[in-house]
Structure formats: C-alpha cells, structure tokens
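Asks: Got a structure for you, written out below as structure tokens; questions coming shortly.
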Amino acid sequence: MKSFNITCPDGLIRRALTDKINNLTKPKGSLGRLEELALQIGLIQQTLSPVLKHPQNVIFAADHGIVEEGVSVSPKEVTWQQILNFLNGGAGINFLCRQHGFELKIVDAGVDNELPYERGIINRKVRRGSRNFLHEPALTEEEFEQCIEYGAEIVRLCHAEGSNVLSFGEMGIGNTSPSSVWMHLLTGIPLEQCIGAGSGLNQDGIHHKYEVLQQAVAHYRGDGSACDVLRHFGGLEMVMATGAMLQAAELKMVILVDGFIMTNCILAASRLCPEVLSYAIFAHGGDEAGHHLLLDYLHTRPLLNLGLRLGEGTGAVCAYPLVDSAVRMINEMDSFTHAEITKYF
C-alpha cells in the first residue's frame, strides 16, 4: 500500500499560540471551543496567524454489493440518481457549499452506472460497485491499493488548487453496513451497537441488517489487520476517502470530518497512521446509531449536534463557520496590551 509520511504538528509553537489566545481582549477561556480550534489550526499550520484557503468538499461515490441482501431501504439506483442531483445543484450539500463558499468535487469511485463525466464528475471508477462481502471480500488487494492512491491523488489536486481545508462526503446506498462492520472490528464495540437505520430502516429492517452483518463477520477468515478489514468489508468510496484523509494529513491540511461513514473513515485512517487525528476536526454528532459511541471511542467532541444523518459532507460544511470564526478570533481580536485594557481575569 502507498505509504504516507504523517507527523504530529510540532508542539514548540503551542506556548506562543496559547499566550496569544489568552491575551486577546476577553476573559481567559471565555470563547471556549473557538479557542481550542484556533490552537489546533495554529499548530497544524505552525503559525500564530492561521488562514483558511479555498475550502472544498469532495464527495466520493460508489455502490455496494451487500445491498443485494436487503440491508438498505433505498434501491441501488439512488446512488447515480443523487449524483445527477448534485450536478443540478439541488441536493443538501449544494446549498451548503453555496452558502459557505465551498467548491464541490464529485468523484466516481465505483458507481454501478455510466455517468456524464463531461459535466465535471471526476472518473476514478475502480469497478462497478464492491462485491457482496457476505460471500467474498468486497475488494481485491489491487483494488484496495488503487482506491487509496486515487483518494490521495484527488487531495493533491485540491492542494495544488490552493486549498488548505477539506471536507469529505460520500454517496453510496448501503454504505452504513460496511461502516458498521469497520466500527465493530476496529474498535471492539459490539456489532449490534454499531448498526442503525441507515436511510430509514424500521426495527425489523435493522434486525435483518444485523443478522446479515453478523453472518458476514462470522464468515470472515482474514488476518484481522486494519488493511485486511478495510479491504474485505470496505466500500470503494470509503477506502478512497481514507486515502484522501491520509494524504490531507501528510500535506498538513485541516480535515473536516462529517458523519457516521466519514468518522469510520478517519478511524480507519488512524489505524494506518495514528497521527492523522491531529489534523481532524469532528464536525457533528449524527443521528445514526453508533456515531456517538464512535466519537466517544475517539475521545472527541463534535462541534454540532443537529440530528443530521444525510452524509454528503453536509455536517462538515455546516460546521465550517465555527472553524472560520476561530481563525478570525485569533487574527482579528485585539490584545490587552495593544488595546490598553487591563486584563480582567
């Protein structure tokens, strides 16, 4: 697999960043999470005056063989139909990208349909959907490695365009199933606690989904390594997003982590390179069962809790104004010394 040279941000600047934040014209700590974000972004960028440039949201799209087992209430064709909706500007992620100044990139990682690439979709189709992991590994080793490299390539493109902050989203009917299995096998959290309604399953549907995934895990005969788990149960778009996150961390970019699926992707990335978490800002705690357990496992607090479960990067883009506020705080607030105000804390 492609190797990544990811290091934790150098901590030598931490004291200077903390002093600058503490000496802004406010009581110490009174801007709460904004102060924490400013410190994290300053560490990532190794500067007392961080900037956010050309934010982009990248959607990786693919279909899933496990859908054949009835684990999703939505039919497979919704994947490609929703991609057309993205192109037409009518999806949830579209209005949020317009509102917050994000460029939107759509990447075909493995959609089981022909798409209008001439309209700007980036074609990195590895195969037309993953295999049904109830019966066989979802991806071959070659396909897995290709997904990692393609995800990294897309991030290098964004970086070359001037971006230093990225959010990632996904489109793929059935992708909460591989996400739940990744969560279970990579954390040890019981499988039943990792499974939810996806796009709208009722209790009977959730029970059926659990039985299918339980059988798939019982049939697994791999070596249990992170790479093998990701390959055997992963979606093409999920593995591609994992590679993208690793590349973004290597390039010292800010990573905005979206909902349940993308949180599992950053979990997967951290199993390959633990340092990737230093670059991650967790945007929101979604409504999908298991997401809050996973966030607790990662010892992180999301910025928002709005009951979102759409995916596409919507929660990450929603949270971006808070990240922007943190950067504006450290750059635009005056200091006690310069403003000639007596410290009042």
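Asks: Residue 314 - would you say it is β-branched (Val, Ile, Thr), farther than 21 Å from residue 101 by Cα and either within 14 Å of the chain's Cα centre (by Cα) or not assigned by TED's automatic domain parsing to the domain that holds residue 21 (or both)? Quick ask: steps written out before the conclusion?
Replies: Numbers: β-branched (Val, Ile, Thr): yes; farther than 21 Å from residue 101 by Cα: no; either within 14 Å of the chain's Cα centre (by Cα) or not assigned by TED's automatic domain parsing to the domain that holds residue 21 (or both): yes.
No; evaluated as a whole, the condition is false for this residue.
Asks: Looking only at the stretch 197-247, count every residue that is polar (S, T, N, Q) and under 30 Å from residue 123 (Cα atoms) and tell me the total.
Replies: Adding up the residues that qualify gives 4.
Asks: Another question, if that's okay. Residues of the stretch 129-155 being of a type in the set (Ser, Thr, Tyr) and part of a loop (DSSP other than H, G, I, E, B), which ones?
Replies: 130, 140
Asks: May I pose another question? Of the numbered conditions (1) buried (at least 17 other Cβ atoms within 10 Å of the Cβ); (2) free of Cβ contacts under 8 Å to residues at least 60 places away in the same chain, residue 221 fails exactly one; give the number of that condition.
Replies: The one condition residue 221 does not meet is (1).
Asks: Is it true that residue 194 is closer than 18 Å to residue 270 by Cβ, buried (at least 20 other Cβ atoms within 10 Å of the Cβ) and either in contact with a helix residue (DSSP H, G or I) (Cβ under 9 Å, 6 or more places away or on another chain) or not assigned by TED's automatic domain parsing to the domain that holds residue 69 (or both)?
Replies: When the stated conditions are applied, residue 194 passes them.
Asks: Which one of 126, 111 is out of contact with any Lys or Arg (no Cβ under 8 Å at 6 or more places or on another chain) and touching a residue at least 24 places away in the same chain (Cβ under 8 Å)?
Replies: Working: 111 fails: out of contact with any Lys or Arg (no Cβ under 8 Å at 6 or more places or on another chain).
Being out of contact with any Lys or Arg (no Cβ under 8 Å at 6 or more places or on another chain) and touching a residue at least 24 places away in the same chain (Cβ under 8 Å) holds for just one of 126, 111, which is 126.
Asks: Do you know which residues across the stretch 78-111 are at negative phi, in contact with a Phe, Trp or Tyr (Cβ under 9 Å, 6 or more places away or on another chain) and assigned to a loop (DSSP other than H, G, I, E, B)?
Replies: 102, 111
Asks: Output the helices (runs of 4 or more DSSP H) that fall wholly within the stretch 226-345 and possess 2 or more residues being surrounded by fewer than 17 Cβ atoms within 10 Å (Cβ to Cβ) and in contact (Cβ under 8 Å) with a residue 24 or more places away in the chain, or say none.
Replies: In the stretch 226-345, the matching helices (runs of 4 or more DSSP H) lie at 291-297, 314-332, 336-339.
Asks: Return a yes/no flag: does the stretch 91-105 have any residue that is over 30 Å from residue 210 (Cα atoms), over 19 Å from the mean Cα position of the chain (by Cα) and at pLDDT below 95.
Replies: No, the stretch 91-105 contains no residue that is over 30 Å from residue 210 (Cα atoms), over 19 Å from the mean Cα position of the chain (by Cα) and at pLDDT below 95.
The values are calculated or read from the model by the stated rules, or taken from the named source; none is laboratory data. Note that the coordinates shown come from a computational prediction; the quantities given were computed from them, not determined experimentally. Reconstructed Cβ throughout: ideal geometry from the backbone, glycine too, with neighbour counts over all protein chains shown.
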